Amino acid sequence: MIIDDIVKVVYAPQKAFKQLIENPKYLGALLILLLFVGIQVGYEYAQFSKTYTEQTSPTVDQLSAYTNATLWNSSSNVALSNNNDFFNYSVYVAALGTTATDPQGYYSLFGNSSLEIDAVNTNNISAALGDAFNVDCSASGFQNLSMTIKMVAPQTAPQSAALTLYSLNDSNYYTYDLTSSLSNTTAIGLWQNLTIPVGSASSGWTSGGAPTWGNVTALKLDFTYPANSNVTIRIGALFFRGQYQTPIEYNNTGLLLQFLQVFSLQFIFSWFLLTGLIYLFFKGLKTNVSWKPLFVALAFAMFVMVIRALVNLVVALALPAVYYPFDLSLGVRFDAFGSVFYPPEAVGTLSAQSQAIFSSADSLTSAFRFVTSGIFYVAYVWLGALCTIIVGTLKPEFSMVKRIVISGVSIAVTILLLLLLVGIA
């Protein structure tokens, strides 16, 4: 019987609301609430299961950690310090994990200093970062090591340069030749950005002992010059990257609790607000009306939001997998339709490579965003029409214009307050 009443709202709303107003029952309203929350949670899970964001080590909020001089060691002829000359890469950051429209602003991803390696009258220097991490570079782990290097002195390129990654101890290691990457003398004095593939599928590495890519625990940089000289090298933006995960994979429980809370409150807030606004209209027009019939009828009218959530779920299931680099994930927000989006100010500060990735992802999700935004407007217009029918059923003496005004203003205020709530959440 309850299911029949709910479905009747779609194909025979006048008859359905007449029966509901005469015999209002909360059980149907509760069922609609549970349907909305369940399907909406399914929609968000479907969307987030297709959204892959790049993970980093250290984490994205600690990307300057690996260039802290206190974590490095070297031979006695080499001095290590932090220099305020740094690789400046600032991005526009939304408040992480929220829907805030008031962003944190521009944020320097790699801090405001770099590691400086200094040596006097030598042709051979090395510096090592140890006991600071245990990184998984296996097939399911990180696939790249990124770093920026500025060769300050001497004004000649190193005769040889090597990167060594250690696995659990000094006897097990992988070594990668960096010489060709640092051979351009015109780049001396400039920051050079290096991305080095790691893992079993990468090439260019030689191994010693019995290392495993699943446990990379230290690294060392070695530079050899043709003749003795004073050497100054700065290292910045050193981190592992290239592992992609969905939010469901790394925050499943947290997201579930967040979704249950958000969508329950969203439905209840809209339900009470819409009822209260229409009730106040009746009172303002000196017309008596009972709260319960209006309250229950509007809950059944909000079944259109269940239909909207169902449409969103279907299109989310059809989404292709989309991959976002780490610097793009910082700008993520959620729009009024519950979809992931990246504001123009966040995209505009990205590297050319990340902007290209965003353009590709944006084109892949354009149809999805078109449907979710379109069904948003359709659902609220539909809800407004149902509210007009409810007002007319309660007070048939009201003119059609008066019914439409009461419903339209109530719906508009509800939407505006919901958008404000989303904006400040």
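Brief remarks on what is shown
- Of the residues 131, 61, 362, the one that moves most in a GNM of the chain with alpha-carbon contacts below 10 Å is 131.
- Computing FRET efficiency as 1/(1 + (r/R0)^6) for residue 62 and residue 377, where r is the C-beta to C-beta distance and R0 is 41 Å, gives about 0.45.
- Compared with the direct C-alpha span, the chain from residue 245 to residue 15 gains 77.8 nm at full extension, assuming 0.36 nm per residue.
- Note on residue 230 and residue 419: the model spin-label points, each 7 Å out from Cα along the C-beta direction, lie 6.2 nm apart.
- Chain lengthening between residue 76 and residue 370 when straightened (0.36 nm per residue, less Cα-Cα): 99.6 nm
- The modelled label-to-label distance between residue 280 and residue 400, using points 7 Å beyond Cα along the C-beta direction, is 2.9 nm.
- Contact order relative to length of the chain, as percent, for alpha carbon pairs under 8 angstrom and 6 or more apart: 24
- Here residue 412 and residue 268 are evaluated by their C-beta separation; at R0 = 25 Å the FRET efficiency comes out at 0.80.
- Under 5 Å, built H, 5+ apart or other chain: amide partners of residue 142: 136, 137
- Cross-link pairs 8/283; 292/395; 18/292; 15/395; 8/402; 286/402 - those with Cα-Cα distance over 21 Å: 8/283; 8/402
- FRET efficiency for residue 202 and residue 7, using Cβ-Cβ distance with R0 set to 51 Å, rounded to 0.05: 0.35
- Gaussian network model of the chain, springs between alpha carbon atoms under 10 Å - residue of 152, 120, 60 with greatest fluctuation: 120
- Inter-label distance for residue 25 and residue 290, nm, one decimal - labels placed 7 Å from Cα along Cα-to-Cβ: 1.6
- P(r) weight above 24 Å for the stretch 55-244, C-alpha pairs, percent: 40
- Assigned charges on the beta-carbon of Lys, Arg, Asp, Glu; the chain dipole about Cα centre (debye): 2100
- Count Lys and Arg as plus one, Asp and Glu as minus one, and take only other residues whose Cβ is under 12 Å from that of residue 232; the net charge is then -1.
- Entry for P(r) over Cα pairs in 10 Å bins from 0, in percent (calculated from the structure that is shown) out of (i) 4, 17, 27, 27, 16, 7, 1, 0; (ii) 5, 22, 33, 28, 11, 1, 0; (iii) 4, 18, 22, 17, 13, 10, 8, 6, 2, 0: (iii)
- GNM result for the chain, Cα springs below 10 Å: residue of 146, 203, 167 fluctuating most strongly: 203
- The HN-Hα couplings worked out from phi for the stretch 381-388 by the Karplus form 6.51 cos²θ - 1.76 cosθ + 1.60 (θ = phi - 60°) are 5, 4, 4, x, 5, 5, 5, 4 Hz, whole numbers, x standing for Gly and Pro.
- Extension gain from residue 260 to residue 215, taking 0.36 nm per residue of separation minus the Cα-Cα distance: 12.5 nm
We did not get these values from a lab; they are worked out from the coordinates using the rules stated. These figures come from a predicted structure and were not determined experimentally. Note that we place each Cβ from the backbone using ideal geometry, even for glycine, and neighbour counts take in every protein chain shown.
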